[in-house]
Amino acid sequence: VGMILSNFIPAILLYRFVANTAYFGVLNLLAVFIILGIGVDDVFVLLDTWRASKIEHPTQPMREILWHALKHAGKAMATTSATTAFSFVANTSSSFPAVAAFGSFCAFLVLCNFVSICTLYPRVIATYEYFYGGAKNVVTFKPKS
């Protein structure tokens, strides 16, 4: 939950400096509940795919299992994140400034969540697996033979 909520900082920076929008209304605070739902769904999809990949490829090193899981789960997460972000982008054409600002902010928030889940959460999985899951070959720097 903390990782999902930490997406607010880069989203606010993108919203303020890239979109050049200074208005941050009360409606934007409701994005907490939206991004929690989206973020938890993305985490569930990645974890479920990781567990399935672990069962499917038990002899592979952890980096290969994580790569396989991210490759498959990333497609589903990218599709759902893109459609959600585009629906929020559609809100930016609203004649109500609060709704337009909400759409812009939520689109940036969904984008930051997707990037965060795809880049940081595999490291969380690898760390957990190393310390609690029994895998000792999480990080290897040997080139493939």
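Miscellaneous remarks
- Percentage relative contact order, the chain, counting C-alpha pairs under 8 Å, at least six apart: 32 percent
- Solvent exposure of L36, expressed as accessible area, is near 50 Å², computed with a probe of 1.4 Å over the protein chains only.
- Sequentially through segment 74-84, phi angles give Karplus couplings (6.51, -1.76, 1.60; θ = phi - 60°) of x, 5, 5, 5, 5, 5, 5, 5, 5, 5, 5 Hz, Gly and Pro residues having no value and appearing as x.
- Ellipsoid semi-axes in whole angstrom, largest first, where each is sqrt(5λ) of the Cα gyration tensor of the chain: 35, 14, 12
- Taking all protein chains into account, the per residue accessible area for the chain stands at 60 Å² (1.4 Å probe).
- The candidates M62, M3, arranged from most to least accessible area with a 1.4 Å probe in the full protein assembly, appear as M3, M62.
- Within the shell of other residues whose beta carbon sits under 14 angstrom from the beta carbon of N113, the net charge comes to -2, with Lys and Arg scored +1 and Asp and Glu -1.
- Estimated FRET transfer efficiency (E64, S6; beta-carbon r; R0 22 Å; 0.05): 0.20
- Per residue, the chain reaches -23500 deg cm²/dmol at 222 nm when only DSSP H runs of four or more residues are counted, each adding -39500 (n - 2.57).
- Carbon plus sulfur fraction of accessible area for the chain, probe 1.4 Å, in percent: 70 percent
The values are calculated or read from the model by the stated rules, or taken from the named source; none is laboratory data. Keep in mind it's a predicted model, so treat the numbers as computed, not measured. So basically every Cβ, Gly included, is an ideal-geometry build from the backbone, and we count neighbours across all protein chains shown. All accessible areas refer to the heavy atoms of the entire protein, side chains included, with ligands and DNA or RNA removed. Shrake-Rupley method; radii C 1.70, N 1.55, O 1.52, S 1.80 Å.
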